[in-house]
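First the structure, in the form of structure tokens, and then the observations on it.
The values are calculated or read from the model by the stated rules, or taken from the named source; none is laboratory data. Keep in mind that this is a model prediction, so the values were computed, not measured. Heads up, the Cβs are rebuilt from the backbone with ideal geometry, glycines too, and the neighbour counts pull from every protein chain shown. Areas reflect the complete protein model, heavy atoms only, side chains present, ligands, DNA and RNA absent. Shrake-Rupley method; radii C 1.70, N 1.55, O 1.52, S 1.80 Å.
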Protein chains: 2
Amino acid sequence: MQINLKETAEFLKSRDKFYILTHQSPDGDTMGAGFGLCYALRSMGKSANVLCSDEFPKRYGFMYKDYGPQKFSPETIVAVDVADAKLLGSKLAQYGDYVELCIDHHVSNTGYAKRLLVYPDASAACEVLYRVLAEMGADIDKRTAECLYTGIATDTGCFKYGNTTKLAHTISAKLMEHGVDIESINRDMFDRKSKERLIAEKHILSDMEYYLDDKCTITAVTLADMESKGFSSEELEGTAGITVQPEGVQVGVLIKEKEKGKFKVSMRSASEVDVSAICAKFGGGGHVKAAGCTLEGELEDIKLKLLSGIAPSLGIDLWLA
Amino acid sequence: MQINLKETAEFLKSRDKFYILTHQSPDGDTMGAGFGLCYALRSMGKSANVLCSDEFPKRYGFMYKDYGPQKFSPETIVAVDVADAKLLGSKLAQYGDYVELCIDHHVSNTGYAKRLLVYPDASAACEVLYRVLAEMGADIDKRTAECLYTGIATDTGCFKYGNTTKLAHTISAKLMEHGVDIESINRDMFDRKSKERLIAEKHILSDMEYYLDDKCTITAVTLADMESKGFSSEELEGTAGITVQPEGVQVGVLIKEKEKGKFKVSMRSASEVDVSAICAKFGGGGHVKAAGCTLEGELEDIKLKLLSGIAPSLGIDLWLA
């Protein structure tokens, strides 16, 4: 059942003993919304804990420093930024059928929760949550503000992407009034990288190949590359965007070898080209500007296959090129 | 003479035939303020042109597409984002003594203009200008809004740096109401890079050396490096930040050989270390988190000299290390 801001605020005010569920492979938005809601509820004298099937990454440590899980028997199960009960992961799967409220911004939300507050146009679950807390008249301290800010900043690429809303900006301005240390947070979120990640980025820059009148790049990372250079496939997460950095490039492809002869393809568009349509030709899918597919075979054959799929979108006849 | 917003608005309204001066080596903020003010004045039926000693970079082309310089004899000289008459550059130096109004955000503004509107706490000259235009009740169309947004976004590293103000966010939200295409602008400003720039970044990642318990990195770029790898020193602008990307690094140093045996040193801090104090030891200066100096001699001697200057700030005794 879809409910509105006021109903959500009233529901939260009327309940106690909250388990707040975040999605597996937790990111800044689900954690920011989880801990932000937790601290706001605690400041109202309620009991609340934040749960996740996976460990919380250390880079978000400032969110859960001094958090301290509380001991109580849960009465109210809330999920934040969780579009589908499946995304709760193995440990939290047991709660999937008992979620009383879901606060989210995914248009794809499956409606598994009894009550649903979903604003699909919001940049982040934290943007939605801020409006809930404002409606509740909740106390927002510095730590809560930093959680909410981080969710909005990370989901918008620091206000860079097209999903950035006017509200993302105005809410961030309001959160800054609570003393958010944006310099330190943004440095940790966007500028700090592990040595292995920097090695992976260097590899991508080094092995990038230009095709189709330089409008397309392909970068392949094989198991042998990772082995010899010393980085894992984890370090490649979020690096596909590098493939469309060169000026003039419209489509960028990152090919990662997952197991011998099996390749995960990430495709990015920096133009009007719809890469989800291209990936669909190969049994994949995704969004207009970011999509993917999985292909098996010889790397060079896969490149040619992909180029033949991409070329028409760039108005290029591969056989005449 | 310092004047306030209202006086600035009245001054601009009462005058006509504007030459708007931008600083040499123009960036997004001086150009955004220049063209933003120009379009706003023209929409009020006034004549206005934007001038610069250097050519306007093509990446800001969307600002001056269909700009069309007007023909008139100037009556009012205004400077935007120009902290010092010297920064007008050679071609505009002739106007240095006749600037009737300067709109700026640099605390270091020398006060060369007859009237001065400087908000040193503002993130960008465009932030100050927006307030002027609002005070004037000026018409802000999409193009004007995109100029102002770009100035704020580029001077704050897309709202990432510590100089980002609450107003930077609230003004950006207001500018978005005018249809600013933030996705396309931010891609061009922050994600698009020339091939040469990508080669330069790859070089920095490849040649980065770790010192002082891995709390300091030094990367040197010699004339020979640029020659052999195929990039110019121009491509190194704004790359010093890469030197403090690795986790745990507190001070990063980029050394660029300007001419045989003469090195420009850029130093960055990702901690409490004050790099301007370190650079001052070597006759340089700058800001707490970003400073520089120039050193002559053998590259390896210069590295050792810099390390001996940096080590105490990291609590390291170089001779025991």
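Things to note:
- Qualifying residue in the range B:292-313 (condition: among the small types (Gly, Ala, Ser), within 22 Å of the chain's Cα centre (by Cα) and open to solvent by less than 60 Å² (accessible area, probe 1.4 Å)): yes
- Of residues in the range A:242-263 being surrounded by fewer than 18 Cβ atoms within 10 Å (Cβ to Cβ) and of a type in the set (Gly, Ala, Ser), the one farthest from B:Asn186 (Cα to Cα): A:Gly261
- Here is the figure for the range B:209-221: residues that are surrounded by 21 or more Cβ atoms within 10 Å (Cβ to Cβ), more than 14 Å from B:Lys256 (Cβ to Cβ) and free of Cβ contacts under 8 Å to residues at least 40 places away in the same chain total 1.
- Filtered residues of the range A:138-158 (kept if part of a loop (DSSP other than H, G, I, E, B) and either within 14 Å of the chain's Cα centre (by Cα) or of a type in the set (Asp, Glu) (or both)): A:Asp139, A:Asp141, A:Thr156, A:Gly157, A:Cys158
- Of residues in the range A:145-163 being in contact with a helix residue (DSSP H, G or I) (Cβ under 6 Å, 6 or more places away or on another chain) and open to solvent by 10 Å² or more (accessible area, probe 1.4 Å), the one farthest from A:Thr239 (Cα to Cα): A:Gly162
- For the range A:60-83, the criterion of being of a type in the set (Ser, Thr, Tyr), at positive phi and open to solvent by 70 Å² or more (accessible area, probe 1.4 Å) is met by no residue.
- Positions within the range A:132-152 being in contact with a Cys (Cβ under 9 Å, 6 or more places away or on another chain) and within 14 Å of another protein chain (Cβ to nearest Cβ), in sequence order: A:Leu148, A:Tyr149, A:Thr150, A:Ile152
- Some residue of the range B:44-59 being under 18 Å from B:Gly151 (Cβ atoms) and free of Cβ contacts under 8 Å to residues at least 12 places away in the same chain: yes
- Reported count of residues in the range B:94-106, each being under 15 Å from B:Tyr19 (Cβ atoms), surrounded by 14 or more Cβ atoms within 10 Å (Cβ to Cβ) and either touching a residue at least 40 places away in the same chain (Cβ under 8 Å) or of a type in the set (D, E, K, R) (or both), is 5.
- Residues that are over 22 Å from the mean Cα position of the chain (by Cα) and open to solvent by less than 20 Å² (accessible area, probe 1.4 Å), drawn from the range A:264-291: A:Val273, A:Ile278
- Residues (within 13 Å of another protein chain (Cβ to nearest Cβ) and modelled with pLDDT of 95 or more) located in the range A:246-257: A:Pro246, A:Val249, A:Gln250, A:Gly252
- Residue that is surrounded by the fewest Cβ atoms within 10 Å (Cβ to Cβ) [pool: residues in the range B:175-197 that are within 8 Å of chain A (Cβ to nearest Cβ) and modelled with pLDDT of 95 or more]: B:Glu177
- Hits in the range B:1-23 (condition: open to solvent by less than 90 Å² (accessible area, probe 1.4 Å) and without any contact (Cβ under 8 Å) to a residue 24 or more places away in the chain): B:Ser14
- Unmet criterion (only one of (1) facing chain A (nearest Cβ under 9 Å); (2) surrounded by fewer than 24 Cβ atoms within 10 Å (Cβ to Cβ); (3) not small (Gly, Ala, Ser)) for B:Lys114: (1)
- Boolean, A:Leu212 is farther than 23 Å from A:Thr156 by Cβ, of a type in the set (A, V, I, L, M) and either out of contact with any helix residue (DSSP H, G or I) (no Cβ under 9 Å at 6 or more places or on another chain) or facing chain B (nearest Cβ under 9 Å) (or both): no
- Look at the range A:107-132: where a residue is among the aromatic types (Phe, Trp, Tyr) and a partner is open to solvent by 60 Å² or more (accessible area, probe 1.4 Å), sitting 6+ places away or on another chain with Cβ atoms under 9 Å, you get A:Tyr112/A:Lys86; A:Tyr112/A:Asp97; A:Tyr119/A:Arg131; A:Tyr130/A:Leu167; A:Tyr130/A:Lys174.
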